[in-house]
Ligand code: URA
């Protein structure tokens, strides 16, 4: 094969053959196909798409580029969750221990944030001592002992995706359904989970802003998982408004612990329970009601053991930002909307996120919400509190919030958290 022939085929809207796909993914992983050639192919795929069969083959080739994990020695069934990313999306933190408390092991390989969406590992790293990197043996041991683990994916899983994702990030080829679906699913299938629940977000704070795109992404990923023998379902969920009342690393850990203690914001509890029910059902434990394990403290118990197992101290106070600034409501009325993307960008500018892979993030930076759409507010009351270690960024964060909300003397139509199930 020649890389130029594969590129030209996709440029000319032809369907790539299985052999072309296997070769180009493998050759790229080995460095035989150059970055500029893969960039051209990624752009041709971005512009001309791939059929379901091509996406399935592309996914299989990315899985074959690395190792596959195997959890079949565990006594419990396994289930994992993947979210396409949102603002204030801390659901993995209460969800993994909750599902584990119900008898299903959760091997949750997570990532770091990039851009305006936060990463689960960045959030957990605000807990003093907590460690994201585990060996495969440590992960298996913890799944046996505690049943829940949230850690960084090792370098052995789908190395083709690691290389390709970094390339897409700098060549304007991220927002492409075939490439996103194969990227996510290659990692999840290689991870070896028995069941997978996808939280596909739609709205301003999501990757896929339009609901029709989110639906297509969800359907594509469910088909890929199902064909690979993983019991896969997807929930289509709302991301036009931030989830919960906190956006930022330590702030979101605090809110997650409130949920595990039986409290927390209603939308976070609702989505956590909805995803837990799907994971339990997909893993064959649909008879268990996760609400009981939240109410009686079993989920909190697993959380504490999970944090300790990775050298974190669940009793250590979380760090608090040295500087805060409060934004108040200018009018009285009902909060009509509070834009997720604007709040996400503000939190990012305050220091909660990074602009380049490898940059460090502030544990304490972020945005706290004092009202959510549908709430009645009074002129002068606090609406948002900005937190940061670098107060010179307050102005920059406020710019991101320009026009992010609307207060009016009218009822507002609230979108449901869970829009559909696929
Ligand atoms: N997350 C991934 O893992 N891959 C993508 O392509 C997009 C989001």
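Taken as Cα centroids, the range 19-46 and the range 135-153 sit 33 Å apart, rounded to the nearest whole angstrom.
In terms of other Cβ atoms within 10 Å, 126, 355 run from fewest to most in the order 355, 126. If you take every DSSP beta bridge whose two residues both sit in the chain, what share of them, in percent to the nearest 5, is antiparallel? Roughly 55 percent of the beta bridges in the chain run antiparallel, per DSSP.
Here the Gaussian network model covers the chain, with springs between Cα atoms less than 10 Å apart; of 37, 310, 362, 37 fluctuates the most. Per-residue Cβ neighbour counts within 10 Å put 348, 23, 405 in the sequence 23, 405, 348, beginning with the fewest. Return one number: the angle in degrees, 0 to 90 and rounded to the nearest 10, between the long axis of the Cα atoms of helix 298-309 and the longest principal axis of the Cα atoms of the chain. On a 0 to 90 degree scale, this one is about 60. Using only the Cα atoms of the range 78-138, build the gyration tensor, take square roots of its eigenvalues as a ≥ b ≥ c, and label the shape rounded, prolate or oblate: rounded if a/c is under 1.5, else prolate if a/b is larger than b/c, else oblate. Oblate, because a/c is 1.5 or more while a/b does not exceed b/c.
The angle separating the long axis of helix 18-29 from the principal Cα axis of greatest extent in the chain is about 60 degrees. Between the helical axis of 266-282 and the longest alpha-carbon principal axis of the chain there is an angle of about 30 degrees. Compute the distance from the alpha-carbon center of the range 357-401 to that of the range 176-195, in whole Å. The range 357-401 and the range 176-195 have Cα centres separated by 33 Å. Build a GNM of the chain with springs between Cα atoms under 10 Å apart, and of 143, 243, 383 the one that fluctuates most is 383. Could you work out which residue, out of 62, 38, 221, moves most in a Gaussian network model of the chain, that is, has the largest mean-square fluctuation with Cα springs under 10 Å? Of 62, 38, 221, the most mobile in the Gaussian network model is 38. Which of rounded, prolate, oblate describes the range 3-49, given a ≥ b ≥ c as roots of the alpha-carbon gyration tensor eigenvalues and a/c under 1.5 marking rounded, otherwise prolate only if a/b is larger than b/c? It comes out oblate by the Cα gyration axes. Between the C-alpha center of the range 289-307 and that of the range 67-86 there is a gap of 19 Å. Computed over the chain, the P(r) tail beyond 33 angstrom holds 33 percent of alpha carbon pairs. For the pair residue 392 and residue 320 in one chain, pulling the backbone fully straight at 0.36 nm per residue adds 24.2 nm over the alpha carbon distance.
The numbers here are math on the coordinates, done by the rules we state, and not lab data. None of the values given here were measured: they were computed from a predicted structure. Glycine also receives a Cβ, built like all others from the backbone with ideal geometry; neighbour counts cover every protein chain displayed.
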